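Q: Here it is, the structure in full.
What follows draws every value from the coordinates through simple rules; no lab data is involved. Quick caveat: nothing in here was measured; it's all calculated off a predicted structure. In this analysis, Cβ positions are derived from the backbone assuming ideal geometry, glycine residues included, and neighbour counts consider all displayed protein chains.
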2 protein chains.
Amino acid sequence: MANVAETLREKGLKVTPQRMAIYRMLCETRAHPTAEAIWEKVKEEFPAISFNTVYTTLGILERAGLVQRLHVGEKAAHYDADTSPHIHLCCERCGRVRDLHKAGVDLTEVAQNLRAKTGYEMSKIELNIYGICPECRH
Amino acid sequence: MANVAETLREKGLKVTPQRMAIYRMLCETRAHPTAEAIWEKVKEEFPAISFNTVYTTLGILERAGLVQRLHVGEKAAHYDADTSPHIHLCCERCGRVRDLHKAGVDLTEVAQNLRAKTGYEMSKIELNIYGICPECRH
DNA sequence: CGCTATACAGTAATCATTACTATCTGATTA
DNA sequence: TAATCAGATAGTAATGATTACTGTATAGCG
Ligand SMILES: [Mn+2]
Ligand SMILES: [Mn+2]
Ligand SMILES: [Zn+2]
Ligand SMILES: [Zn+2]
C-alpha cells in the first residue's frame with residue numbers, strides 16, 4: 001500500500017488519477033464509507049468525476065482483490081480496503097461500521113476448518129454484528 | 001410451531017389465511033427462499049395473493065421475531081423461520097443457502113462476550129460464508 | 001508520435017424495497 | 001347476529017441502489 005500506483009499496476013489495472021484517488025481515499029480511512037460517501041470525498045479533488053465512475057471503479061477494485069465490499073443491513077454497500085476477514089460492528093441507529101479485531105474468533109481459521117467439513121470452496125467470510133453503539137445510547 | 005395460528009396470536013398478530021400460509025411454508029422448508037420464491041409457492045394455495053402482501057407480511061413476521069431475514073450477497077433477501085443465530089453457507093454459483101450448525105463456533109456466546117468488551121447493545125449476529133458448493137464443482 | 005484497449009462521464013434501464021390508498025376482513029362488542 | 005373498527009390485503013406508484021449502455025477521452029505501448 002506504500003505506493004498506490006504500483007499496487008494497481010501489479011493487479012494489471014491501468015493507473016488513472018481517478019482510480020488512484022478512490023483507492024488512496026479508501027486506504028486512508030477507517031470509516032467503511034459507502035460509494036456515495038467516497039464520491040463526495042473524491043469530488044474535492046476531481047469535481048467532474050461521476051458517481052458512475054466511482055461505483056464502477058469500486059467493483060473493479062473488488063474483483064482485483066484490493067477492496068472488500070460489505071453487505072451490512074439492506075442499505076447501500078460499504079467498502080473496506082482491509083481485505084482480511086474481520087468482524088464488523090454495525091450501529092443500527094447512526095449507521096457507523098467499525099472493525100473488531102481480536103475478538104476471540106479467528107475467521108480465517110474458521111473458514112479453514114469448514115472447508116474440509118463441508119466440501120465448500122470458500123471465497124469469503126463475513127461476520128456482522130448489529131446493535132446500538134455506546135455513543136447512540138446517550 | 002405446532003400450531004401456526006396459535007403462534008401468530010401469541011405475538012399479537014391477526015390470524016389470516018394468507019399469513020398462516022406464508023408462515024407455515026417457511027416453517028416447512030429448509031431452503032431459505034426469497035420473497036419471490038415464497039410468493040410463487042403460496043400462490044398455489046392463494047392464486048390471488050399479491051407479491052406486496054407476501055413482502056409486507058414477511059416484514060411483520062420478522063418484527064415479531066418469528067422469522068429471520070438474511071442479507072446474503074447483494075441480491076434479494078432470504079428468509080428463515082429458524083431465528084436462532086446460526087451460520088449460513090451461500091453458493092455463489094447456484095445461489096443455494098444452507099445451514100451450518102455445530103461448526104465449532106457458538107454465535108450466541110460470541111455475541112455475549114463482545115457485549116461487555118465493546119459496549120454495544122447487540123441485537124443480531126450474522127455469519128455468512130460464500131463459496132462454491134460441492135454440487136456446483138461438477 | 002500514433003494505435004488500441006480500456007476508462008471516463010453522462011444517462012437510461014433494471015430490480016429490490018418502501019410508500020400509498022381504496023377496499024376488505026378478523027376480532028370484539030352490543 | 002349485526003355493528004364497529006383496527007388492521008390486513010391488493011394494486012399501484014415511488015424510491016434508491018445497482019447495472020447497462022454510449023460516445024468521448026486517455027493510459028500504456030511500440
Ligand atoms: Mn473493516
Ligand atoms: Mn438458516
Ligand atoms: Zn451509533
Ligand atoms: Zn451451488
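Q: Using a cut-off of under 16 Å, list every residue of region A:78-98 whose amide N is near the label point 7 Å from the Cα of A:Cys27 along the Cα-to-beta-carbon line.
A: A:80-84
Q: Using a 7 Å offset from Cα along the direction of the beta-carbon, what are the separations from A:Glu40 to the same position in each other copy, nm, ascending?
A: Output for A:Glu40: 4.0 nm, nearest copy listed first.
Q: Choose one of B:Gly73, B:Ile38, B:Val4: the residue whose Cα lies farthest towards the positive end of the charge dipole of region B:1-83 (beta-carbon charges +1 Lys, Arg; -1 Asp, Glu; about the Cα centre).
A: Working it through, the farthest residue towards the positive pole turns out to be B:Val4.
Q: What three numbers, in Å, describe the spread of the alpha carbons of region B:1-83 along their principal axes, ordered from the longest?
A: If we take the Cα atoms of region B:1-83, the spans are 34, 28, 20 Å.
Q: Taking the label point as lying 7 angstrom from Cα along the Cα-to-Cβ axis, what are the distances from A:Thr56 to the corresponding position in the remaining copies, in ascending order and in nanometres?
A: Here the equivalent label points are 4.0 nm apart from this one.
Q: Tell me, what ³J(HN,Hα) does each residue in region B:14-22 have, in order and in whole Hz, if you take phi through Karplus 6.51 cos²θ - 1.76 cosθ + 1.60 with θ = phi - 60° and put x for Gly and Pro?
A: 5, 9, 10, x, 4, 4, 4, 4, 5
Q: List every residue whose amide H lies under 5 Å from the amide H of B:Ile87, counting only residues 5 or more places away in sequence or on a different chain, with H placed 1.01 Å from N in the peptide plane.
A: B:Leu100
Q: In peptide A:106-118, what is the residue-averaged number of other protein chain Cβ atoms found within 10 Å of each Cβ?
A: Across A:106-118, the average partner-chain Cβ count within 10 Å equals 3.
Q: What does the convex hull of the Cα atoms come to per residue for the protein assembly as shown, in Å³?
A: Details: hull volume 48.6 nm³, N = 276.
It is 176 Å³ per residue.
Q: While we're here: Compute the acute angle (0 to 90°) between the alpha-carbon long axis of helix A:51-63 and the principal axis of greatest extent of the alpha-carbon atoms of chain A; round to the nearest 10°.
A: On a 0 to 90 degree scale, this one is about 50.
Q: Give me the angle, in degrees from 0 to 90, between the Cα long axis of helix B:107-118 and the longest principal axis of the Cα atoms of chain B, rounded to the nearest 10.
A: Approximately 60 degrees, to the nearest ten.
Q: Could you please rank A:His78, B:His138, placing first whichever residue has the fewest other Cβ atoms within 10 Å of its Cβ?
A: Fewest to most other Cβ atoms nearby, the residues stand as B:His138, A:His78.
Q: Can you show me the helix-derived [θ] at 222 nm for chain B, built from DSSP H runs with n ≥ 4 at -39,500 (n - 2.57) apiece and divided by the number of residues, rounded to the nearest 500.
A: Rounded to the nearest 500, it is -11000 deg cm²/dmol.
Q: Using only Cα atoms, locate the centre of region B:108-123 and the centre of region A:1-35, then give the distance between them in Å, rounded to an integer.
A: 34 Å
Q: Still on this structure, please answer the following. In nm, one decimal, shortest first: how far is the label point of A:Ala5 (7 Å from Cα along Cα to beta carbon) from the matching points in the other copies?
A: Inter-copy label distances (nm, one decimal, shortest first): 7.4.
Q: How would you order A:90-102, B:21-33, A:50-62 from highest to lowest mean count of nearby Cβ atoms within 10 Å?
A: Details: A:90-102: 14.9, B:21-33: 18.8, A:50-62: 16.5.
Those peptides, ordered most packed to least, come out B:21-33, A:50-62, A:90-102.
Q: Suppose a student asked you for the relative contact order of region B:1-83, using Cα pairs under 8 Å spaced at least 6 residues apart; what percent would you report?
A: 28 percent
Q: Which entries in the list A:Lys43/A:Lys75; A:Lys43/B:Lys75; A:Lys117/B:Lys41 go over 26 Å, if you measure between the two C-alpha atoms of each?
A: Violating the 26 Å Cα-Cα cut-off are A:Lys43/B:Lys75; A:Lys117/B:Lys41.
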